[in-house]
Each structure stands twice: as C-alpha cells, then as structure tokens.
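Let me begin by presenting the structure, written as structure tokens, before commenting on it.
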Amino acid sequence: MMNEYNIRLGQNLRRERIRRGLALREVAKMTNDEFKASVLGAYERGDRAITVARFARLCQIYGVSMSWVLHES
C-alpha cells in the first residue's frame, strides 16, 4: 500500500515538474543540489519515500500547494 502511495505521489510530482518545463538536472541546479537529480528521480518513480519537509519544499519550488499535488490524479 505504501509503495502505491509513493508511486502516485511521485507521478504527481513529475507532472508538476514537467508542467514547468523542468528537467531533473535543472531542478537540482535551481536548488544548488539541495535535491540531487537522482533522488528526485527516485521520488518520482516511487522508489524512495519523501519526507513531508522535502515534499513541502518541492511544492514551493514548483509553485503549487501540497494539497494540489496530493489530490491531483
């Protein structure tokens, strides 16, 4: 169940990144490697769980609310 949630959340994060026309490496560069491209990819694939704090930070970077990303399907 948790893995399915990670996958769905990751898909939603990927969608928001792509909507902004950003590559994984561009997000890493924008954040001065606060988020490594490989870690972002792992979040987006659902291979790695994301903490609430890091999720909130990514939403801030993408300019979207956490609730939007959580409820988008």
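Things to note:
- Residue 69 being on the phi < 0 side of the Ramachandran plot, in a loop (DSSP other than H, G, I, E, B), surrounded by 14 or more Cβ atoms within 10 Å (Cβ to Cβ) and hydrophobic (A, V, I, L, M, F, W, C): no
- The set of residues in region 9-35 being in a helix (DSSP H, G or I), charged (D, E, K, R) and over 19 Å from residue 49 (Cβ atoms) consists of 19, 25, 26, 29.
- Yes/no for residue 3 being out of contact with any helix residue (DSSP H, G or I) (no Cβ under 7 Å at 6 or more places or on another chain), of a type in the set (S, T, N, Q) and not in a loop (DSSP other than H, G, I, E, B): yes
- Selection status of residue 21, of a type in the set (Gly, Ala, Ser) and surrounded by 16 or more Cβ atoms within 10 Å (Cβ to Cβ): no
- Search result, residues across region 51-66 that are exposed (fewer than 13 other Cβ atoms within 10 Å of the Cβ) and either among the polar types (S, T, N, Q) or under 16 Å from residue 18 (Cα atoms) (or both): 51, 60, 63, 65
- Qualifying residue in region 37-44 (condition: in a helix (DSSP H, G or I), at pLDDT 95 or above and surrounded by fewer than 13 Cβ atoms within 10 Å (Cβ to Cβ)): yes
The values are calculated or read from the model by the stated rules, or taken from the named source; none is laboratory data. Note that the structure is predicted; figures quoted are calculated from it, not measured. Cβ sites come from the backbone with ideal geometry, for glycine too, and all protein chains shown count toward neighbours.
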